[in-house]
Amino acid sequence: MNKFERQGRQPADQQTLPEAIEADLSKIPGQVIDVNEAPPLAPLTQDEVRTILISLMLTMFLAALDQTIVATALPTIGRQFQDVSNLSWVITAYLLASTSVAPVFGTLSDIYGRRAMIIAALSLFLAGSVLCAVAPNMPVLILARGLQGLGGGGIMPIVQTVISDVVTPRERGQYQAYFSGVWVAAGIGGPILGGVFAEHLHWSMIFWINVPLGLASLALLLPRMGKIPAFHRRRKVDWLGGMLLMASAVVIMLVLTWGGNRYLWLSPVIIAMIGASVALALAFVWHARNAEEPFLPLPLMGGTVAPYAMASGGFALGAILGLTVHLPLYYEVVYHLSASEAGLALIPLAAVSTGGAAIAGRTMAHARHYKRVAIIGTSGAALAGCALALTALPLWALLTLLSVFALGLGTAFPVSVVSLQNSVARSQIGTVTGAMNFFRALMASFTVAAFAAILLMALGADISLGGEHRGPVSSIPADDMIAAFRYVFGAAAGLLACASLCNILMEERPLAGPATPAEMAE
């Protein structure tokens with residue numbers, strides 16, 4: 001018999017396979033793991049891409065807004081519930097929850113898909129918002145803020161991951177700049193909206209406003225999610241690894257929040273918590289090394305791109321947030337600005353960084369050696385930070401140098417995010433993006449605490465991390481504040497110098513995608 005002839009008279013769909021072949025076929029995974037070149041399930045038009053990106057920006061705006069909008073309403077909330085001592089937990093609960101779940105949602109989006117996880121994150125966020133709005137007392141409000149933080153922490157990495165599914169790496173930097181603008185709008189508009197709602201309407205409006213915006217985001221996004229390429233891979237979830245990672249993150253964040261504020265850094269409570277966080281982190285590393293499919297694969301965090309990209313973005317974010325938290329004190333003492341004027345004086349630092357991100361994004365779309373813009377930008381920011389530290393300046397000169405500092409700093413964000421996502425398989429982008437958000441949040445919290453410690457040592461004043469100054473701030477001589485802030489500006493310059501070094505050491509891998517606007521249009 002010819003080997004190509006049919007070996008039976010039954011139709012092909014009714015024939016049975018030999019047991020050996022059937023056993024081998026059953027071991028083949030049902031989904032592709034490396035899908036770097038997978039085509040879209042359906043072609044996305046420019047209008048659909050635009051609609052998806054608008055809905056993603058609206059979604060991210062919600063999560064970013066709730067990190068700032070509550071602050072100005074806290075006094076009103078404390079008066080209504082007659083509980084001022086626990087007010088800080090309204091902020092802390094959200095921060096702890098959102099930081100600890102970022103890597104969890106990133107990894108789960110690689111396992112169960114972006115659509116399922118964006119629905120889960122937004123549902124948790126909206127449920128938490130409603131519970132916050134109707135909370136009858138402070139404990140319920142704090143728990144509801146924690147639930148809201150679980151959703152908000154999941155939104156960030158999933159939004160960044162969906163962007164990577166929709167646009168190519170070369171185009172992605174431009175869109176990252178748009179999302180940086182969303183952060184700026186939330187950072188500036190949040191405190192203003194919170195104050196207006198608390199003073200003229202009711203503080204619960206800061207939570208009710210999330211409901212229509214969140215539903216509108218889902219209505220825009222979900223009908224088009226079916227056309228986005230699916231790059232996830234179903235596998236067993238390493239829940240133990242995820243719990244160890246979240247537990248270590250919560251303890252570390254509590255140390256950074258309470259250290260030097262509620263407890264002394266060398267107090268038994270802080271030392272015990274540091275020991276617990278180290279033990280949990282070591283347990284997570286040991287588990288990740290021995291698990292068959294760990295929650296966060298440690299090799300993914302190594303190599304010639306990932307550690308440098310994460311560090312560069314973390315240094316930049318830490319520097320800008322550290323200055324944003326503490327500069328109002330400097331403005332108040334040195335330039336005698338009011339609280340509202342000090343807030344306005346922060347706009348150059350926040351807004352100009354978006355311009356730096358936009359410049360870097362456009363450069364990445366056209367230049368072959370795209371990381372040079374981040375090297376030049378962060379180096380320039382480090383030099384501007386050194387200039388701020390060297391001498392006292394009039395307000396206009398200070399704001400000018402801060403603008404130069406922010407412009408260079410902003411270039412680090414799109415370059416670090418796109419380089420990181422471009423270095424891993426498409427089925428791992430969610431995992432690595434969640435890890436990036438996690439380490440950035442830790443770095444930002446560490447920097448805020450470090451800058452506060454610098455001021456405490458230099459001034460000897462009792463200054464809280466949240467920007468509410470409990471000591472005799474008005475009695476601090478301006479010369480002493482200028483001298484103390486030289487160390488703060490110097491530390492910020494050092495962070496940007498480290499970011500520049502990371503950009504230099506990071507491997508520059510070619511970015512996939514069109515290189516010119518004409519090709520992009522095609």
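The values are calculated or read from the model by the stated rules, or taken from the named source; none is laboratory data. Just so we're clear, the structure is a prediction, and the values are computed from it rather than from any experiment. Cβ atoms come from the backbone with ideal geometry, glycine included; neighbour counts cover every protein chain shown. Surface accessibility is based on the protein's heavy atoms, side chains included, excluding ligands, DNA and RNA. Shrake-Rupley method; radii C 1.70, N 1.55, O 1.52, S 1.80 Å.
Between LEU264 and ASP479, the simple label model (points 7 Å from Cα in the Cβ direction) yields a spacing of 3.1 nm. From the square roots a ≥ b ≥ c of the eigenvalues of the alpha-carbon gyration tensor of region 154-219, which class results: rounded (a/c under 1.5), prolate (a/b over b/c), or oblate? Prolate, because a/c is 1.5 or more and a/b exceeds b/c. Rounded, prolate or oblate for region 70-225? Axes are the square roots of the Cα gyration tensor eigenvalues, ordered a ≥ b ≥ c, and the cut-off for rounded is a/c under 1.5. Taking the square roots of the gyration eigenvalues as a ≥ b ≥ c, region 70-225 is prolate.
Here ILE252 sits with roughly 50 square angstrom of accessible surface, probe radius 1.4 Å. Would you please classify the overall shape of region 374-438 from the alpha carbon gyration tensor, given that a ≥ b ≥ c denote the square roots of the eigenvalues, rounded means a/c under 1.5, and beyond that prolate means a/b larger than b/c while oblate covers the rest? Judged from the Cα gyration tensor, region 374-438 comes out prolate (a/c at least 1.5, a/b above b/c).
So what's Rg/Rh here for region 297-414, counting alpha carbon atoms and using the Kirkwood radius for Rh?
1.05
I'd like the projected area of region 134-292, averaged over all directions, using the convex hull of its alpha carbons. Report it in nm² with one decimal. Value for region 134-292: 13.9 nm².
For the pair region 241-259 / region 135-151, the C-alpha centres are spaced 19 Å from each other. Packing here is the average count of other Cβ atoms within 10 Å per residue, and on that basis the peptides 413-420, 382-389, highest first, run 413-420, 382-389.
When THR411, THR324 are compared by accessible area of protein heavy atoms, the largest-first order is THR324, THR411, using a 1.4 Å probe.
A cut-off under 14 angstrom between Cβ atoms defines the neighbours of THR304, and their net charge, with Lys, Arg +1 and Asp, Glu -1, is 0.
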